[in-house]
Amino acid sequence: MLGNELRESLRSGKRVYGTCVCSNNARWAAVVRGLGLDLVFLDTEHIPQDRGELAWMCQTYAAMGLAPVVRVPEPDPYQACIVLDGGAQGVIAPYVETVEEVKKLAGAVKHRPLKGARLRRALDGKETLEPVLSEYLARWNKNNVLIINIESQPAMDALDDLLAVEEVDAVLIGPHDLSLNLGVPEQYDHPKFDAAVREIFTKARAAGKGAGVHFSDGLEQEVVWARETGANLIMHSSDLGIFRNTMGSDIAKMKEMLGDSVSVSGEDGSTV
């Protein structure tokens with residue numbers, strides 16, 4: 001699945017499957033290709049990624065028929081252009097809260113290479129582009145997908161307006177940040193968090209946009225939300241998260257069986 005197919009699937013309600021890929025090892029791409037995914041999520045907000053290595057990853061996965069979707073460090077149109085120049089076929093913008101942010105991202109993802117005052121006037125509805133220019137930009141950006149992270153109460157308050165921006169193809173919940181902003185940190189089974197997720201998904205699907213959450217745990221809950229709300233962007237875990245959970249479980253089990261003390265370190269190095 002490439003960008004144009006991903007966009008149509010997200011908007012139509014067809015489920016698409018992806019995971020966050022952190023490893024840039026040359027042999028890893030072949031492993032990922034065999035997982036039955038539609039897209040790969042490459043994160044530059046929380047994962048250090050060299051620009052050249054990121055471009056290699058994007059080009060490789062695209063050649064394999066897996067749409068490379070990159071989360072930029074901030075909701076910045078210039079950062080979006082950088083990853084698109086490297087071969088990304090989708091941009092995930094973190095912590096979006098305002099229509100102004102979304103419009104700027106829409107300009108970078110859906111109307112490049114048009115820039116400057118003319119682009120701003122077009123995005124604000126103050127200027128109509130010539131048909132030949134509009135057709136050119138549509139061809140240029142046919143494989144570009146725009147996904148916005150919904151991670152706060154202000155984003156939820158503005159959600160109707162954010163979804164009204166035509167260029168937005170999907171929303172993706174950042175569960176950790178959203179739970180913190182709602183005052184229930186990492187309480188993913190809390191009624192307040194569950195209600196927020198369902199509200200976001202329901203509104204997004206009603207607006208004809210894709211909807212999903214990047215969840216590292218709770219596979220069953222992901223399935224419940226998808227079945228009951230129509231959420232169709234299944235972004236499950238990451239190679240790093242699966243390794244941590246599976247290896248940690250295996251080592252703890254082996255230590256228990258051999259009578260050695262069991263300790264597990266958290267991501268911050270603390271022992272739990």
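The values are calculated or read from the model by the stated rules, or taken from the named source; none is laboratory data. Keep in mind that this is a model prediction, so the values were computed, not measured. Reconstructed Cβ throughout: ideal geometry from the backbone, glycine too, with neighbour counts over all protein chains shown.
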Index of the failed condition, E74 passing every other in (1) of a type outside the set (K, R); (2) in contact with a Phe, Trp or Tyr (Cβ under 9 Å, 6 or more places away or on another chain); (3) surrounded by fewer than 16 Cβ atoms within 10 Å (Cβ to Cβ); (4) modelled with pLDDT under 95: (4)
Residue within the range 40-48 that is buried (at least 22 other Cβ atoms within 10 Å of the Cβ) and not in a strand (DSSP E or B) present: no
The residue from E101, E97 that alone is at pLDDT 95 or above, acidic (D, E) and part of a helix (DSSP H, G or I) is E101
Listed residues A26, A55; which is in contact (Cβ under 8 Å) with a residue 24 or more places away in the chain and either of a type in the set (A, V, I, L, M) or not in a helix (DSSP H, G or I) (or both)? A55
Can you tell me how many residues within the range 217-244 are closer than 18 Å to D194 by Cβ, under 18 Å from the mean Cα position of the chain (by Cα), in a helix (DSSP H, G or I) and of a type in the set (A, V, I, L, M, F, W, C)? 4
Kindly indicate which of L54, L84, L105 is under 17 Å from V171 (Cα atoms), hydrophobic (A, V, I, L, M, F, W, C), more than 13 Å from the chain's Cα centre (by Cα) and crowded, with 16+ Cβ neighbours inside 10 Å. L105
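Listed here are the residues, each with its yes/no results for (1) in contact with a Phe, Trp or Tyr (Cβ under 7 Å, 6 or more places away or on another chain); (2) surrounded by 20 or more Cβ atoms within 10 Å (Cβ to Cβ); (3) not in a helix (DSSP H, G or I).
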{"position": "R121", "(1), (2), (3)": "no, no, no"}
{"position": "S134", "(1), (2), (3)": "no, no, no"}
{"position": "A155", "(1), (2), (3)": "no, yes, no"}
{"position": "D160", "(1), (2), (3)": "no, no, no"}
{"position": "V171", "(1), (2), (3)": "no, yes, yes"}
Just to be sure I understand, how many residues within the range 173-201 are part of a loop (DSSP other than H, G, I, E, B) and touching a residue at least 24 places away in the same chain (Cβ under 8 Å)? 4
